[in-house]
Amino acid sequence: MASAHALNQGADGISGATEAGDRFGAGVAAGDFTGTSSTGLAIGAPGENSGDGTVVHVDADGTGVFIGPAAAGTPADGGLGTVLAP
Ligand SMILES: [Ca+2]
């Protein structure tokens, strides 16, 4: 059985800071989101930036890339990352 590994904002290759209300991990989906035949994780934090929300994509090498409301086209206070599906 593989071991568990915790991921946190502000550590583990994910920039930013853990703040009360971020709800980091509220939505999680695994899949090949980059077309590179490697499985990554999409992790939602719908409370980020006072409810704008964000999604962090963590690739197999552990690098975290933010996909915020501007890139996703979601409105302010839209809670991006509440629900994710591959
Ligand atoms: Ca945060």
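Derivation of every value follows stated rules applied to the coordinates shown; laboratory data play no part. Bear in mind the structure is a predicted one, so any value in this text is a computation, not a measurement. With ideal geometry, Cβ positions are generated from the backbone for all residues, glycine too; neighbour counts draw on all protein chains shown.
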Helix-only mean residue ellipticity at 222 nm for the chain, each DSSP H run of n ≥ 4 adding -39500 (n - 2.57), per residue, nearest 500: -1500 deg cm²/dmol
At R0 = 35 Å, FRET efficiency that the Cβ-Cβ distance of Ser37 and Ala17 yields, to 0.05: 0.60
